[in-house]
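So the structure is just underneath, and the comments pick up after that.
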Amino acid sequence: MRNFKKSLAFSEIQQYLWSEIKKKMLGRFIRYIETEKRYSTHTVSAYCRDLKQFGSYLINIYELDDMTKATGEMVRSYIVSLKNEGMENRSINRKISSLRAFYKFCLREKVIKVTPMQGVKSLRRPKELAKFVPEQDMDKVEFPEGDDFKERRDELVFEMLYQTGMRQAELRGLKDSDVGEDTLLIKVHGKRNKERLIPVSRELVEMVVRYKKIRDAQFPGNTNVSLIVDDKGRPAGATFIYNIVHRILEGVTTLKQKSPHVLRHTFATHLLNGGADIRAIQKLLGHSSLSSTQIYTHNTIEQLKEIYQVAHPLGDE
């Protein structure tokens, strides 16, 4: 019982110390990335979690309640502890990125003179091919006919993601006015509120028009401006969109991952396999760096290897 009380007291002290840290530089940093950098809510939450975890580590291991006084040795020992816990390099690198951004901000604010991130490098990550659904599997996707609201909504969600390559958060952020019925362009609000235009087919626009009529009849007087709504007429959430995509892909592919992001990968890979220029794909996806788009070229190379092995007389040798 004594040990339990002791750990409880320590936990209370830890929470108090962390709240003091948060009131100082962390709060200013979070306001900075929210207002000036205009990071998404998801990114801001991730930064908060990462910095809070590092703050707790400093308190537990070094009894240090001020993150601005951390040293490079402390940061490196933190990274080693994460690795020893079995965390993947990708996740550790995200935490390193969060710390690097925080201490860069502290330098800018002249709170510190030297960043503890100096000399701290990201961990190497094994190259992973982007997961995508083969075209023959996508051809199996079918939707019932009729004017049922849920069926038309689910169809639109799926086709929007596949035919535009937009992120699920971008789809959820679409308003009726973002779809140009005459221009055949969709205005997408991407990361950091960057806008881009995506050309779409007449069939997809007609699908939007049909869906809106059914939606408005289903929820008359609804003042919500979101294009995609849930079963109660509210703006669709991330989990809601995920469940729609997962259920549809479940019936056509054995791919382990069945998420909206897989449809984004599928969009890009199918375009590249069809001969689209990689820089054009970069613009459609809203990637700021071409290197982010080049992961899809590896998929094409793998496809070429398969074709060679099947078609070439010596391919199986």
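Every read-out reported here was derived from the displayed coordinates using simple, explicitly stated rules and does not represent laboratory data. If you're wondering where the values come from, they're calculated on a predicted model, not measured in any experiment. In this analysis, Cβ positions are derived from the backbone assuming ideal geometry, glycine residues included, and neighbour counts consider all displayed protein chains.
Treating the beta-carbon of each Lys and Arg as +1 and of each Asp and Glu as -1, no other charges, what is the dipole magnitude of the chain about its Cα centre, to the nearest 20 debye?
With Lys and Arg at +1 and Asp and Glu at -1, about 2220 debye.
Give the residue from ILE248, VAL229, LEU290 lying farthest towards the positive end of the charge dipole for the chain; charges sit on Cβ (+1 for Lys and Arg, -1 for Asp and Glu) and the dipole is referred to the Cα centre.
LEU290
Multiplying the sequence separation of ARG247 and VAL80 by 0.36 nm and subtracting their Cα-Cα distance, what value in nm do you get?
Computed gain between ARG247 and VAL80 is 56.2 nm.
Pop out the Kirkwood hydrodynamic radius of region 39-126 from its pairwise C-alpha distances, inverse of mean 1/r, in Å to one decimal.
13.4 Å
Name all residues of region 133-166 having a backbone nitrogen under 19 Å from the label point set 7 Å from the Cα of LEU184 along its Cα→Cβ direction, giving them as ranges.
Counting backbone N atoms under 19 Å from the label point, the list is 159-166.
Could you pull out the chymotrypsin sites (Phe, Trp or Tyr not before Pro) across region 181-270 that fall in loop regions by DSSP (anything but H, G, I, E, B) with no more than 10 other Cβ atoms inside 10 Å?
Here no chymotrypsin sites (Phe, Trp or Tyr not before Pro) fit, given the DSSP loop and packing criteria.
If you look at just the Cα atoms of region 135-311, how large are its Rg and its Dmax in Å?
16.8, 60
What full-extension length gain, to one decimal in nm, is calculated for GLU88 and LEU123 as 0.36 nm per residue of separation minus the Cα-Cα distance?
Result for the pair: 11.6 nm of gain on full extension.
What FRET efficiency comes out for ILE295 versus SER97 if R0 is 25 angstrom and r is the Cβ-Cβ distance? Round to the nearest 0.05.
0.85
Using a basic spin-label model with each label point 7 Å from the Cα along Cα→Cβ, how many nm lie between THR239 and LYS194?
Distance between label points: 3.1 nm.
At 7 Å along Cα-to-Cβ for each site, give me the label-to-label distance between ALA130 and LYS213 in nm.
Here the answer is 3.5 nm between the modelled labels.
Only sites in a loop by DSSP and with at most 10 other Cβ atoms within 10 Å count here; which GluC sites (Glu not before Pro) in region 102-142 make the cut?
GLU128, GLU142
Which of the following values of log10 I(q)/I(0) by the Debye sum over Cα atoms at q = 0.11, 0.14 Å⁻¹ was calculated from the structure shown: (1) -0.78, -1.12; (2) -0.71, -1.12; (3) -0.89, -1.15?
(3)
List ASP277, ASP137 from most exposed to least, where exposure is judged by having the fewest other Cβ atoms within 10 Å.
If I rank by nearby Cβ atoms, fewest first, I get ASP277, ASP137.
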